[in-house]
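These notes are about the structure you will find just below.
The values are calculated or read from the model by the stated rules, or taken from the named source; none is laboratory data. The structure presented is a predicted model; accordingly, all values stated were derived computationally and were not measured. Using ideal geometry, Cβ is built from the backbone for each residue, glycine included, and neighbour counts are taken over all protein chains shown.
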Amino acid sequence: MFQCLSSTNNSIISDEPINQTIYLPLYGKEHIVYEKSGLNQWNAQGRIRDPNEVYIPIPAIIHKNYPSFFPNRDKPFNLQLPNGKTMQSKICQDGGKALMSYSNRELGQWILRDVLRLHEGELLTYEKLQILGVDSVRIDKINDFTYEINFASSGSYDRFMGLNIE
């Protein structure tokens, strides 16, 4: 079973108070981790991609229910990781459907290699997430320019959204 990197449910990195918290799924509709998008964006066709190129999907309902949570599209902000590292990140793609790091690889290095321990070229699946006991990330908004991220246990996004989960 996967162990979350944070030992508490409070702020992970800083002593700053949390302004607001949301959860984002690491999968798409119907609990599918698509083979060529999201955390498998590195596998998409059309151009040569870095093996760590990923984005975290942001469902449209998040923007609808929490319209001022994230900065506007392509506006940089700091995303603090549980390991103490801070990466510059942004909201991208049509409809702001993607949370990405500015290097377009840094987030994938942390998620795919450092935490999930996938090998380059290994597709992430929802089944693999279930084995690890995670399927979501928790994003804590500290202020308009600083956010913290941590993995969340399976079902966290569904519970956050008030969805029926089995």
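Give just the number: which of (1) farther than 15 Å from Pro57 by Cβ; (2) in contact with a strand residue (DSSP E or B) (Cβ under 9 Å, 6 or more places away or on another chain) does Lys97 not satisfy? Only one criterion is unmet by Lys97, namely (1). Can you tell me which residues in the range 28-40 are under 15 Å from the mean Cα position of the chain (by Cα), surrounded by fewer than 20 Cβ atoms within 10 Å (Cβ to Cβ) and part of a loop (DSSP other than H, G, I, E, B)? Answer for the range 28-40, where residues must be under 15 Å from the mean Cα position of the chain (by Cα), surrounded by fewer than 20 Cβ atoms within 10 Å (Cβ to Cβ) and part of a loop (DSSP other than H, G, I, E, B): Tyr34, Ser37. Within the range 122-166, the set of residues being touching a Pro at 6+ places or on another chain (Cβ under 7 Å) and over 17 Å from Tyr27 (Cα atoms) comprises just one member, Asp144. On the basis of being in contact with a Lys or Arg (Cβ under 7 Å, 6 or more places away or on another chain) and either at pLDDT below 95 or hydroxyl-bearing (Ser, Thr, Tyr) (or both), does Tyr66 make the cut? In short, no.
The number of residues in the range 133-166 that are aliphatic (A, V, I, L, M), surrounded by fewer than 18 Cβ atoms within 10 Å (Cβ to Cβ) and in contact (Cβ under 8 Å) with a residue 40 or more places away in the chain comes to 1.
For the range 21-48, a residue qualifies if it is in contact with a Lys or Arg (Cβ under 9 Å, 6 or more places away or on another chain) and either modelled with pLDDT under 95 or over 20 Å from Ile142 (Cβ atoms) (or both), and the qualifying residues are Val33, Gln41, Trp42, Asn43, Ala44, Gln45. Restricting to the range 101-118, give me the number of residues that are among the hydrophobic types (A, V, I, L, M, F, W, C), in a helix (DSSP H, G or I) and either in contact with a helix residue (DSSP H, G or I) (Cβ under 7 Å, 6 or more places away or on another chain) or more than 22 Å from Lys75 (Cα to Cα) (or both). So the count comes out to 3.
Residue pairs whose Cβ atoms lie under 6 Å apart, sitting 6 or more positions apart in sequence or on different chains, and linking a residue in the range 41-60 that is within 19 Å of Leu26 (Cβ to Cβ) to a partner that is of a type in the set (Phe, Trp, Tyr), are Gln41/Tyr55; Arg49/Trp42; Pro51/Trp42; Glu53/Trp42. Filtering the range 68-100 to residues that are of a type in the set (S, T, N, Q), crowded, with 18+ Cβ neighbours inside 10 Å and touching a helix residue (DSSP H, G or I) at 6+ places or on another chain (Cβ under 9 Å) leaves only Ser89.
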